[in-house]
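Reviewing the structure listed below.
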Amino acid sequence: MNIIESLLDADPSVKRMTQKYLLDMNPDFVEDGWISRFLGFFDSETGTWGGGIYGPKWISTFYTLRDLASLEIRPDHPIYQIGLDTLIKHMWSDKWHEDDVCVVAMLVSLLTYGQSDSKIVDDMISYLIGTQLKDGGWNCAITYKPSDKSSINTTLSVLEAYRDYEQFGYTTHLKTVLEQTIPGQDYLLKRHLMYRLTNDELVISYIKDFHFPTRWKYDVLRALCYFASVNYEKVPELSEGLSLLKNKFKKGYLHKGPTYTGKHHFKMETGKIGTMNTLRGLMVLRTFEPDEYYRIINME
């Protein structure tokens with residue numbers, strides 16, 4: 001059994017996304033498997049998961065919706081939409097809104113995926129536009145803990161939000177979003193996706209580990225997935241990240257990687273193959289390293 005066959009034999013969400021992103025098919029959305037299990041933890045009386053909005057991590061409404069979006073639940077699924085309404089009610093009202101830049105960026109990605117009201121999304125995008133720093137990136141706590149230095153975690157979350165704003169058809173602030181995207185991308189590329197500018201050490205100790213779910217945290221695979229998703233040119237600054245990815249594919253697949261500490265609804269990956277990491281890695285290789293991609297998928 002080659003790796004494509006293994007992915008097609010995995011969770012229905014993995015199978016569907018393999019068909020969509022690796023086999024160029026147009027499969028219907030699925031609701032069984034992992035998606036069904038996540039939906040089963042929904043509390044219809046409160047409109048929440050885990051008894052909370054942003055916490056407890058990682059079973060709260062916010063992070064469960066992140067999981068569902070990453071598995072590509074049907075965007076108009078009624079429970080997903082109720083969850084979005086809950087987040088808006090508690091995180092972005094007329095009287096108060098979330099001030100953590102990284103959280104707002106992730107919220108934009110959730111809302112754009114669900115095709116939420118453009119006025120609310122545009123308000124959030126306007127907020128993000130006003131928080132870009134001189135170095136081209138963003139920092140999560142800029143409004144309550146002033147800093148002139150950006151964070152790779154927050155910068156990647158904003159870039160993903162900007163990508164989603166464009167890809168899901170929002171246009172009000174698109175010109176500015178595209179203008180700010182370029183220095184944001186350069187912020188990560190100057191660091192070759194993983195190094196400090198000051199001393200060439202790894203920005204984060206776990207940055208070379210590949211995680212799924214990604215939560216709010218940065219790692220090299222998540223960054224590579226972003227650049228592949230926007231069809232970025234294969235520039236030298238991506239080479240070390242791509243070499244790392246290829247090295248981790250020595251056995252023809254990626255492991256599930258370490259799990260971030262916190263509460264979990266259930267254990268997703270239980271086999272030796274990390275199916276979501278493998279799928280994401282193959283999507284990156286298909287974009288940037290097609291020869292390596294075809295070598296891997298033809299391994300038995």
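Scan segment 159-181 residue by residue and report those that are more than 17 Å from residue 119 (Cα to Cα), over 18 Å from the mean Cα position of the chain (by Cα) and touching a residue at least 24 places away in the same chain (Cβ under 8 Å).
Result: 180, single match.
Taking only segment 104-153 into account, find how many residues are in contact with a Gly (Cβ under 6 Å, 6 or more places away or on another chain) and of a type in the set (S, T, N, Q).
The qualifying residues number 1.
Return the only residue of 300, 289 being of a type outside the set (Lys, Arg) and more than 29 Å from residue 178 (Cβ to Cβ).
Answer to the check: 300.
Taking segment 272-300 as the search range and keeping residues that are part of a loop (DSSP other than H, G, I, E, B) and without any contact (Cβ under 8 Å) to a residue 60 or more places away in the chain, which one is farthest from residue 22 (Cα to Cα)?
My answer is 272.
Filter segment 115-140 down to residues that are more than 20 Å from residue 87 (Cα to Cα) and in contact with a Cys (Cβ under 9 Å, 6 or more places away or on another chain) and give me whichever is surrounded by the fewest Cβ atoms within 10 Å (Cβ to Cβ).
139
Suppose we keep only residues that are touching a Gly at 6+ places or on another chain (Cβ under 7 Å) and surrounded by fewer than 18 Cβ atoms within 10 Å (Cβ to Cβ) within segment 74-84. Which one would you say is nearest to residue 47 (Cα to Cα)?
Checked segment 74-84; the qualifying residue nearest to residue 47 (Cα to Cα) is 82.
Exactly one condition in (1) within 24 Å of residue 225 (Cβ to Cβ); (2) touching a residue at least 12 places away in the same chain (Cβ under 8 Å); (3) in a helix (DSSP H, G or I) is false for residue 30; which is it?
All conditions pass for residue 30, except number (3).
Here is a check on your reading of the model: is residue 234 touching a residue at least 12 places away in the same chain (Cβ under 8 Å), farther than 21 Å from residue 67 by Cα and surrounded by fewer than 22 Cβ atoms within 10 Å (Cβ to Cβ)?
So residue 234 fits the description; yes.
Given 251, 256, which one is more than 26 Å from residue 163 (Cβ to Cβ), part of a loop (DSSP other than H, G, I, E, B) and basic (Lys, Arg)?
251
Just the residues that are over 18 Å from the mean Cα position of the chain (by Cα) and either under 25 Å from residue 269 (Cα atoms) or part of a helix (DSSP H, G or I) (or both), please, taken from segment 54-82.
55, 56, 77, 78, 79, 81, 82
So in segment 90-139, with the set limited to residues that are acidic (Asp, Glu) and not in a helix (DSSP H, G or I), which one is farthest from residue 161 (Cα to Cα)?
Within segment 90-139, the match that is farthest from residue 161 (Cα to Cα) is 94.
Can you tell which of 257, 241 is out of contact with any Phe, Trp or Tyr (no Cβ under 8 Å at 6 or more places or on another chain), crowded, with 16+ Cβ neighbours inside 10 Å and either under 21 Å from residue 22 (Cβ atoms) or in contact (Cβ under 8 Å) with a residue 24 or more places away in the chain (or both)?
Going through 257, 241 in turn, just one is out of contact with any Phe, Trp or Tyr (no Cβ under 8 Å at 6 or more places or on another chain), crowded, with 16+ Cβ neighbours inside 10 Å and either under 21 Å from residue 22 (Cβ atoms) or in contact (Cβ under 8 Å) with a residue 24 or more places away in the chain (or both): 241.
Can you run down the residue pairs with Cβ atoms below 8 Å, 6 or more apart or on separate chains, where the first is in segment 185-212 and in a helix (DSSP H, G or I) and the partner is of a type in the set (Gly, Ala, Ser)?
Here the result reads 186/136; 187/136; 187/137; 187/150; 188/137; 188/223, each pair linking segment 185-212 to a residue that is of a type in the set (Gly, Ala, Ser).
Taking the residues in segment 23-63 that are of a type in the set (Phe, Trp, Tyr) and over 30 Å from residue 9 (Cβ atoms) as candidates, determine which candidate is surrounded by the most Cβ atoms within 10 Å (Cβ to Cβ).
Applying the filter and picking the extreme gives 62.
Every number here is computed from the coordinates shown, using simple stated rules; none is lab data. Worth saying up front: this structure is predicted, and the values here are computed from it rather than measured. Every residue, glycine as well, gets a Cβ built from its backbone with ideal geometry; the counts of neighbours run over all protein chains shown.
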